[in-house]
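What follows is a short report on a single structure.
The values are calculated or read from the model by the stated rules, or taken from the named source; none is laboratory data. Note that this is a predicted model, so its numbers are computed, not measured. Every residue, glycine as well, gets a Cβ built from its backbone with ideal geometry; the counts of neighbours run over all protein chains shown.
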Amino acid sequence: MIDLDEMKEKWIEYDRRLNESLALNRQLLNAVKLNGARSALGRMKIFAALEAVTWLGWMVVLGRFIYENIALPRFALPGIMLDAIALGNLVALIRQIAAIGDIGYGEPVTQLQKRVEALRISRIRRVQANLLAGMLAWIPLFIVALWGWFRVDTYRAFDRGWLIENLAFGLALIPLSIWVSKKYGDRMSQRPIIQRLMQDLAGRNLNAAARSLAELSQFEQDS
């Protein structure tokens, strides 16, 4: 028969093995969740690089347009405005790529979550800035496109009053949009449809990374 001391030793051994098994399972789960976040951010980095190349291509096209029309300010100035928007996007994407590359996956989960949240906020702000810029930039784009592709002088083909009215309308929309956002932003952000929209603006890969880190954080708290 097994005496009491032997039973205690066996229970201690079983308990040690159980703890080792739990620790191993925890490590495996952590690795799976971290790999999920790493893969999602890796995809985001690739897409950001492709988008950066696209904006760089537009800068080259616009740069050539500006060079060819430098003696015609009515065409060169709209081209410079569009080129500045392209440059702003390119710089933002390069910073985003650098921020993703700077992430160390050995950091605490809370720190990783802060980094992902910072990426999410920066992406949303870039989208918002592009929306605001688009309210003003569509007239310059119209001018550049017609002259660059079809050699149609917008200033002569269309009534200047119409151009000025549309430009003024775009300018007026910018402060109005900012005012609406500040006044009703907190209230609107509580609505599920707005929350889903903000998640979509943040990008699927960022959302996937955030979910993986949130699950990992919850598991660590439960443990």
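Per the conditions (1) more than 25 Å from the chain's Cα centre (by Cα); (2) surrounded by fewer than 19 Cβ atoms within 10 Å (Cβ to Cβ); (3) not aliphatic (A, V, I, L, M), the sole criterion not satisfied by ASP102 is (1).
Sub-9 Å Cβ pairs linking a first residue in the range 97-123 that is touching a residue at least 40 places away in the same chain (Cβ under 8 Å) to a second residue that is of a type in the set (Lys, Arg), at least 6 apart or interchain, are ILE97/LYS45; ILE100/LYS45; ILE100/ARG115; GLY101/LYS45; ILE103/ARG38; ILE103/ARG115; TYR105/ARG38; VAL109/LYS33, ordered by first then second residue.
Taken together, the criteria exclude ALA71 from residues that are closer than 25 Å to ASN166 by Cβ and modelled with pLDDT of 95 or more.
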